1. Within the set of pairs 6+ apart or on separate chains, which have a first residue in region 212-228 that is farther than 12 Å from SER188 by Cα, a second that is surrounded by 20 or more Cβ atoms within 10 Å (Cβ to Cβ) and modelled with pLDDT of 95 or more, and C-beta atoms under 6 Å apart?
2. Please count how many residues of region 225-247 are assigned to a helix (DSSP H, G or I) and within 19 Å of PRO284 (Cα to Cα).
3. List pairs: first in region 188-200 and touching a residue at least 12 places away in the same chain (Cβ under 8 Å), second open to solvent by 10 Å² or more (accessible area, probe 1.4 Å) and acidic (Asp, Glu), Cβ under 6 Å, 6+ apart or cross-chain?
4. Consider GLY43 against the criteria (1) of a type outside the set (A, V, I, L, M); (2) out of contact with any strand residue (DSSP E or B) (no Cβ under 9 Å at 6 or more places or on another chain); (3) open to solvent by less than 50 Å² (accessible area, probe 1.4 Å): it satisfies all of them except one. Which criterion is unmet?
5. Step by step: first the residues of region 264-287, then only those that are assigned to a loop (DSSP other than H, G, I, E, B) and over 22 Å from ASP185 (Cβ atoms), then the one that is least open to solvent (accessible area, probe 1.4 Å). Which residue is that?
6. May I ask you to list pairs of residues, at least six apart or on different chains, whose Cβ atoms are under 7 Å apart, with the first in region 234-250 being more than 25 Å from ARG177 (Cβ to Cβ) and touching a residue at least 60 places away in the same chain (Cβ under 8 Å) and the second being of a type outside the set (A, V, I, L, M, F, W, C) and part of a helix (DSSP H, G or I)?
7. Kindly indicate the residue of region 248-263 that is assigned to a loop (DSSP other than H, G, I, E, B) and among the polar types (S, T, N, Q) and also surrounded by the fewest Cβ atoms within 10 Å (Cβ to Cβ) among those meeting that condition.
8. Which residue pairs have Cβ atoms closer than 6 Å, lie 6 or more positions apart in sequence or on different chains, and pair a first residue in region 269-297 that is in contact (Cβ under 8 Å) with a residue 60 or more places away in the chain with a second residue that is surrounded by 18 or more Cβ atoms within 10 Å (Cβ to Cβ) and part of a loop (DSSP other than H, G, I, E, B)?
Amino acid sequence: MSTATISPSQIGRGGRPDGEGSVQVQMETGAKIGNAKVFAIYGKGGIGKSTTSSNLSVAFSKLGKRVLQIGCDPKHDSTFTLTKRMVPTVIDVLETVNFHPEELRVEDFVFEGTNGVMCVEAGGPPAGTGCGGYVVGQTVKLLKEHHLLEETDVVIFDVLGDVVCGGFAAPLQHADRALIVTANDFDSIFAANRIVQAIGAKAKNYNVRLGGIIANRSDATDQIDKFNDRIGMRSLARIPALDVIRKSRLKKATLFEMDDSPEVRAVQAEYLQLAQRLWDGVDPLYCEPLKDRDIFDLLGFD
């Protein structure tokens, strides 16, 4: 993996490169995505990031936007409700050509999904080896080389779990806004707080800024509201705990393809409103994450 030379402007507070971490993955020179609006979606593992990302992608497409969703999880299931299958990953197809990207065709790694959403699964190295940041970097590089980003309005990175190491934080280097998916419970809010910290570190040297929280599987939001009030966060949308959402995953479908019902229409409208709000632009947030002990003290019933 090639890394860019670290310039004085890339040194964060305290003299550390790229935030406060020890070893960070630097974005390659010329790897900027371009004019598309770019969103990176993070959250605790299993909280529903892929469901959120896929439905948000379709919502953007319903607004007439040209959308590209990039799954950044070795599990490579981010886009299966869009494509109705587990598509080959960028790492899979690179391996077939002995990692000579010039031999690849667009159709080898980009697949059309629901309502024209274009889908890419970056994949990842085998467990315990390699770096997720390298995979993300190679994916963006391939997309640029094939001019696939020039006519794209929205790019959504759906990122692995709550891992915020230098590798899987790499999508933050490309994003305009980072969004955090959380439920109204301790574990997912605890993860959200750590992600706020990671976004703040990346924001010192890149354009990414915190956009807000998407409350998922949440009929109540009292714990999220406590957290938001404490650190200066905002919620952008709330997706309730509906069984139709679980069923949509089992049917390999987005919510925009499910049988019509009042609850389906309501959640579709929530995603459409979220997409419009993000397209119109949300002001950046500058939140101060809590210490781990403070999260324990804050959340829960009195």
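1. ALA220/ASN184; THR221/ASN184; THR221/ALA215
2. 6
3. ALA191/ASP162
4. That leaves (2) as the condition not met.
5. Once the filter is applied, the top-ranked residue is VAL282.
6. SER248/THR81; ARG249/THR51; ARG249/THR81
7. That would be SER261.
8. CYS287/MET233
The values are calculated or read from the model by the stated rules, or taken from the named source; none is laboratory data. Every value quoted in this text rests on a predicted model; they were computed, and no experiment measured them. Virtual Cβ from ideal backbone geometry, glycine too; neighbours counted across all protein chains shown. SASA here: full protein model, heavy atoms, side chains in, ligands and nucleic acids out. Shrake-Rupley method; radii C 1.70, N 1.55, O 1.52, S 1.80 Å.
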